[in-house]
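For reference, the structure is listed below as structure tokens.
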Amino acid sequence: NDNNLLKNNDIMKIKNKSLNEKSKKWLKRHLDDEFVKKSTSLNYRSRAAYKLLEIIDKFNLLHNVEKVLDLGSAPGSWSLIISEKLKNAKAIVAIDLLAMKPINNVKFYKCDFLSDKFYTNINEFGAFDLILSDISPNLSGNKTSDFLRSKEIVENALDFSIKNLRKDGNFVAKYFRTGDISDLLSTAKKNFDKVSSFKPKSSRIESSEIYLVCLRKKQ
């Protein structure tokens, strides 16, 4: 999982004799990964930081953005990038079921973004300019089940964003290309001027993950 970045010194503590061949190959690939190395050297919390940087550059995502909400933020790579890019942001809000180490200028909530408690808390911020979601379900290995769970997360995040974005606001969410999302895309196109799917170079080639980028909410 890209959200659980292993550092070289952590991996060296693992005894090779305790690993099967599949695990050894994964560790070697992880250590050799260009974006893992960059993330470690620049103190980013995971290689996922580079995915967001690519999306920002390609879609000019932060133009006129002052308030950002990061759904499923832990360990905090995306919130960290936003904090660095938007020094004068009016609000950067992050939420996750898991704990997240503090980040300057980021308000963090440890709860479900669909909970009434969170909805009450974010009222003070008003409508957001940008909502991000890099949420992944806990994968079971069953492609059909994993796809349906992932799709449900994106549907909930999209619905939440439609309700909590200002007009012309943007939405980005991760999904997996292992099933039909035509109904989800239809909803997105009804509510945003431009809807694209984008796979960053920093996303592993073998991964089915891709990002839904929805620009300029219609109303």
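Of everything in region 184-206 that's within 19 Å of the chain's Cα centre (by Cα) and more than 26 Å from Ser77 (Cα to Cα), which residue is most open to solvent (accessible area, probe 1.4 Å)? Break it down into steps so the answer makes sense when it comes.
Just the residues of region 184-206 that are within 19 Å of the chain's Cα centre (by Cα), to begin with: 184-185, 188, 195-206.
Add one more test, that the residue is more than 26 Å from Ser77 (Cα to Cα), and what stays is 184-185.
On the way: Leu184: 8, Leu185: 43 Å².
The residue in question is Leu185.
Confirm whether Phe147 is farther than 23 Å from Lys167 by Cα, modelled with pLDDT of 95 or more and either open to solvent by less than 80 Å² (accessible area, probe 1.4 Å) or part of a helix (DSSP H, G or I) (or both).
So Phe147 fails the test.
Kindly indicate the residue of region 171-183 that is farther than 19 Å from Leu69 by Cβ and not small (Gly, Ala, Ser) and also least open to solvent (accessible area, probe 1.4 Å) among those meeting that condition.
Ile181
Out of all the residues in region 121-144, which are in contact (Cβ under 8 Å) with a residue 60 or more places away in the chain and either open to solvent by 20 Å² or more (accessible area, probe 1.4 Å) or acidic (Asp, Glu) (or both)?
The answer is Ala127, Asp129, Asp134, Ile135, Ser136.
Do we have Asp134 as at positive phi and not aromatic (Phe, Trp, Tyr) here?
Considered against the rule, which asks whether it is at positive phi and not aromatic (Phe, Trp, Tyr), Asp134 comes out as no.
Output the residues belonging to region 175-219 that are modelled with pLDDT of 95 or more, in a strand (DSSP E or B) and of a type outside the set (A, V, I, L, M, F, W, C).
Asp193, Lys194, Ser196, Ser197, Tyr211, Arg216, Lys217
Can you name the condition, by its number, that Leu69 falls short on among (1) closer than 24 Å to Ala99 by Cα; (2) part of a helix (DSSP H, G or I); (3) aliphatic (A, V, I, L, M); (4) modelled with pLDDT of 75 or more?
That leaves (2) as the condition not met.
Every residue in region 155-170 that is in contact (Cβ under 8 Å) with a residue 40 or more places away in the chain, open to solvent by 50 Å² or more (accessible area, probe 1.4 Å) and out of contact with any Leu (no Cβ under 9 Å at 6 or more places or on another chain), please.
Those that are in contact (Cβ under 8 Å) with a residue 40 or more places away in the chain, open to solvent by 50 Å² or more (accessible area, probe 1.4 Å) and out of contact with any Leu (no Cβ under 9 Å at 6 or more places or on another chain): Arg166, Lys167.
The values are calculated or read from the model by the stated rules, or taken from the named source; none is laboratory data. Please read these numbers as outputs of a predicted model, since none were measured by experiment. No Cβ is skipped: glycine too gets one built from the backbone with ideal geometry, and neighbour counts run over all protein chains shown. The area values use the complete protein model at the heavy-atom level, side chains included, leaving out ligands, DNA and RNA. Shrake-Rupley method; radii C 1.70, N 1.55, O 1.52, S 1.80 Å.
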